[in-house]
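A.B. asks: The structure's right below; bear with me while I get my questions together.
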Amino acid sequence: MMTGLFISELERTFKRKKTAAVLAVYAGLLAFIWFFFQRGGISFFDADHDVKIDSLNSAPLLLRDLSFVITFIVIPMFVADSFNGEYTSGALRMVLIRPHHRVKLFFVKWAVQCLLVFIILCITWVVGTCLGRMVMPHVNETTFLGGHTLGALGALLYSLKFYGICFCIFIAVISIGSILSVLMPNSILSYVATIGALIGSVYVSDKLSFFFSVTDSVFRELSRPNSEFLVNLLFPILLISLIINLFVWKKKEWVG
């Protein structure tokens, strides 16, 4: 049953024209930014620290230039389409006519959104890593923010950890966006509300600035020894947002 729901949600997701359009735009931006990577050769860890792009640091730096698009365009559009668009169009009512448990349906939709972002991150990492090794200046070691100088293996592990933490942040963005998409009356307002919540988080607390500047925050966290960012902040936010999601999902009158 769960597998059938998952496959069905995947099919509906990839049949939407908006999904194809957003993925095509992202692919175009990926190529565009990589072109300027080659031409410029300079990127930034954050607003105060620039860095020369080389064969070992290109993957994290490529995601830095694309993370804003993922956070504020790709995820909000995908989530609004999945959690709100299907409801307002009536498509979700057709799904709920069948004896599907609401909690299962929520987790299927949530998991599909996470899978989409995971695929996007994998493609970005592969492009950044492979093309970095092929066309960027070859080095035996590179230095990341905080003065961490790493060899080829260390840089690879750093890159994987960097992408992993970014993925966890993006999952939290998906979870917050899904709450707002269920509460809003249409998908446009869902999108705007998600953007507003991400920007507004900066004014709530400086600790939530990672929602606005994902990769800059991750670079800073990785520069700190024994950072407990995931355990003390990100995972609790993710857990709370999922609990709120389940509560709202159960209480929402989907069919009526």
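A.B. asks: Given charges of +1 on the Cβ of Lys and Arg and -1 on the Cβ of Asp and Glu, with all other atoms neutral, how large is the dipole of the range 171-256 about its Cα centre, in debye to the nearest 20?
C.D. replies: It works out to roughly 200 debye.
A.B. asks: Two-decimal Rg/Rh of the chain from alpha-carbon positions, Kirkwood Rh? Please report the intermediate quantities before stating the final value.
C.D. replies: On the way: Rg = 19.3 Å, Rh = 19.3 Å.
Radius of gyration over Kirkwood radius for the chain works out to 1.00.
A.B. asks: Given H placed 1.01 Å from N in the peptide plane, which residues other than close sequence neighbours of Asp54 have an amide H under 5 Å from its amide H?
C.D. replies: It is none; the list stays empty.
A.B. asks: What's the carbon and sulfur percent of the range 158-256's accessible surface, probe 1.4 angstrom, rounded to a whole number?
C.D. replies: Values: 3320 of 4800 Å².
Answer for the range 158-256 is 69 percent, counting heavy atoms of protein chains only.
A.B. asks: Could I ask something else about it? To the nearest 20 Debye, how big is the dipole of the range 21-72 about its Cα centre, given +1 on the beta carbon of each Lys and Arg and -1 on that of each Asp and Glu?
C.D. replies: That gives a dipole near 180 debye.
A.B. asks: How large is ³J(HN,Hα), in whole Hz, for each residue of the range 195-207 in order, when computed from phi with the Karplus curve 6.51 cos²θ - 1.76 cosθ + 1.60 and θ = phi - 60°, using x for Gly and Pro?
C.D. replies: 4, x, 5, 5, 5, x, 4, 5, 7, 6, 7, 4, 5
A.B. asks: How large is the helix-only mean residue ellipticity at 222 nm for the chain, computed as the sum of -39500 (n - 2.57) over DSSP H runs with n ≥ 4, divided by its residue count, in deg cm²/dmol to the nearest 500?
C.D. replies: Dividing the helical sum by the residues of the chain leaves -23000 deg cm²/dmol.
A.B. asks: On to the next question. Too long at a 18 Å Cα-Cα cut-off: which of Lys104/Lys250; Lys15/Lys250; Lys17/Lys104; Lys18/Lys251; Lys52/Lys207?
C.D. replies: Lys15/Lys250; Lys17/Lys104; Lys18/Lys251; Lys52/Lys207
A.B. asks: Can you work out ³J(HN,Hα) from phi for every residue in the range 173-179, in order, using Karplus 6.51 cos²θ - 1.76 cosθ + 1.60 and θ = phi - 60°, giving whole Hz and x for Gly and Pro?
C.D. replies: Values, residue by residue: 5, 4, 5, 5, x, 5, 4 Hz.
A.B. asks: Another question about this same structure. Describe numerically, in nm with one decimal, the distance between label points set 7 Å from Cα along Cα→Cβ at Thr143 and at Ala21.
C.D. replies: 4.7 nm
A.B. asks: Ok, one more. Remind me, what semi-axes does the range 138-200 give for its equivalent ellipsoid, largest first in whole Å, using sqrt of 5 times each Cα gyration tensor eigenvalue?
C.D. replies: 38, 11, 8
A.B. asks: Any chance you could get the radius of gyration and Dmax over the Cα atoms of the range 195-250, in Å?
C.D. replies: Reported Rg and Dmax, both Å: 13.0, 42.
A.B. asks: Tell me, what ³J(HN,Hα) does each residue in the range 220-226 have, in order and in whole Hz, if you take phi through Karplus 6.51 cos²θ - 1.76 cosθ + 1.60 with θ = phi - 60° and put x for Gly and Pro?
C.D. replies: 5, 5, 6, 7, 9, x, 6
A.B. asks: Beyond 20 Å, how much of the Cα-Cα pair distribution for the range 112-236 remains, as a whole percent? Kindly include the intermediate steps, with their values, before the conclusion.
C.D. replies: Numbers: 4108 of 7750 pairs.
Within the range 112-236, distances greater than 20 Å cover 53 percent of Cα pairs.
The values are calculated or read from the model by the stated rules, or taken from the named source; none is laboratory data. On a predicted model such as this, the values are computed, not experimentally measured, just so you know. Here Cβ is always computed from backbone atoms with ideal geometry, including for glycine, and neighbour counts include all displayed protein chains. To get the accessible areas, we keep the full protein, side chains included, count just its heavy atoms, and leave off ligands, DNA and RNA. Shrake-Rupley method; radii C 1.70, N 1.55, O 1.52, S 1.80 Å.
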